[in-house]
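Engineer: Can you keep this structure in mind? I'll have questions shortly.
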Amino acid sequence: MRENNKQILEQANAAMTIGDYEGFLSFCTADTEWTFVGEQTLQGKQDVREYMAKVYVEPPKFRVERLIAEDDFVTAIGQISMKNEDGKMVDYAYCDVWQFLDGKLHKLKAFVIAAKT
């Protein structure tokens, strides 16, 4: 099961990186919950859809350094680059902890820190 969850996350992220946000959302539960630690919590696919439309004007670029799976959780550690409000590409370090439910992305706890330039 753990290896399958890794594959599901990799497929979902592949959709995200080409801007297929609805494709990404198809991997999520209807009541998905995303918590960006210290910032905000999104409740449900519509909140996530609106967030993506606002923040991911251009698809983000991921570099996953490690995926760690245990039980119904997959932790992704890596780098993400995306454009800010001014159109400038900004690099971040991230650690996403995903909880799966019935083979879908259910809850996310994301730790995201701007990389020093």
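Engineer: Over the Cα atoms of the stretch 1-50, Rg to Rh with Kirkwood Rh, two decimal places? Show your work: numbers first, answer last.
Structural biologist: Numbers: Rg = 11.6 Å, Rh = 11.6 Å.
Reported Rg/Rh (Cα atoms, Kirkwood Rh): 1.00.
Engineer: Please compute the length gained on full extension between Tyr92 and Glu65, using 0.36 nm multiplied by the number of residues separating them and subtracting their Cα-Cα distance. Mind showing how you got there, number by number?
Structural biologist: Details: separation 27, 0.36 × 27 = 9.72 nm, distance 1.30 nm.
Using 0.36 nm per residue and subtracting the Cα-Cα distance, I get 8.4 nm.
Engineer: Quick one: which residues, 5+ away or cross-chain, put their amide H under 5 Å from the amide H of Leu42? H built at 1.01 Å from N.
Structural biologist: Long-range HN contacts for Leu42: Trp34, Thr35, Phe36.
Engineer: What longest region of the chain stays clear of trypsin sites (Lys or Arg not before Pro) that DSSP places outside H, G, I, E and B and that have at most 16 other Cβ atoms within 10 Å?
Structural biologist: Values: sites that count: Lys88, Lys116.
Longest run free of exposed loop sites: 1-87.
Engineer: Just round it to a whole percent: the fraction of Cα-Cα distances in the chain exceeding 21 Å.
Structural biologist: Numbers: 2156 of 6786 pairs.
Cα-Cα pairs of the chain separated by over 21 Å account for 32 percent.
Engineer: Could you give the size of the charge dipole of the chain about its Cα centre, using +1 on the Cβ of each K and R and -1 on the Cβ of each D and E, expressed in debye and rounded to the nearest 20?
Structural biologist: Numbers: 14 positive and 19 negative charges, 60 e Å.
Approximately 280 debye in magnitude.
Engineer: Still on this structure: What FRET efficiency do you get for Ala30 and Glu58 if R0 is 25 Å and r is their Cβ-Cβ distance, rounded to the nearest 0.05?
Structural biologist: On the way: r = 27 Å, r/R0 = 1.08.
Using R0 = 25 Å, I get an efficiency of 0.40.
Bear in mind these aren't lab numbers, they're just calculated from the coordinates by the rules spelled out. Small disclaimer: the values here were computed from a predicted structure and weren't measured. Counting neighbours? That spans all protein chains shown, and the Cβs are built from the backbone with ideal geometry, glycine included.
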